[in-house]
Amino acid sequence: MASLNVYSAPGVLFLTRAVAMATKENDQIIKDNNCETKMGLPCVLEAFTSIFEIGTISSKCCGELVVLGKVCHSTLVKRTLENPLFKYLSPARIIANNIQTWNNCLALIDSPSPSA
């Protein structure tokens, strides 16, 4: 049993270090792209709800999300998934919701508005 602990300790250390490196990398991307300053709080909350819970995102907030950019959008979602507060969430479901929200917003923004 002692040998199991000797071998598992480096594995845990490696995984902990990999998560810390991913978090630092995501934080750097967010900082370099000023991601946290590109959307207003009401739209951040709408986007969060549409990705991490059950909700919709308005066309106004879709516009802000598209201006935010895919790199910022994806990195902010990844960073949120790394937060222990959200460990109960299914990463596969969140990634699917993330892609669906992004694609829906792109389609909404790219489609011409109906004429009156």
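Coordinate-derived values only; no laboratory data. From a predicted model like this one, the values you see are computed outputs, not experimental measurements. Ideal geometry is used to build each Cβ from the backbone, glycine not excepted, and the neighbour counts take in all protein chains shown.
Taking the Cβ of Asn98 as the centre, find all other residues whose Cβ is under 13 Å away and add up their charges (Lys, Arg: +1; Asp, Glu: -1). Walk me through the numbers before you get to the answer.
Values: positive: Lys70, Lys78, Arg79, Arg93; negative: Glu53.
Overall, the nearby charge balance is +3.
By how many nm would the segment from Phe48 to Lys31 lengthen if fully extended, with 0.36 nm per residue of separation less the alpha-carbon distance?
Gain on extension, Phe48 to Lys31, equals 4.2 nm.
Report Rg(Cα)/(2.2 N^0.38 Å) for the range 65-111, keeping two decimals.
Against the empirical 2.2 N^0.38 Å value, I get 1.23 for the range 65-111.
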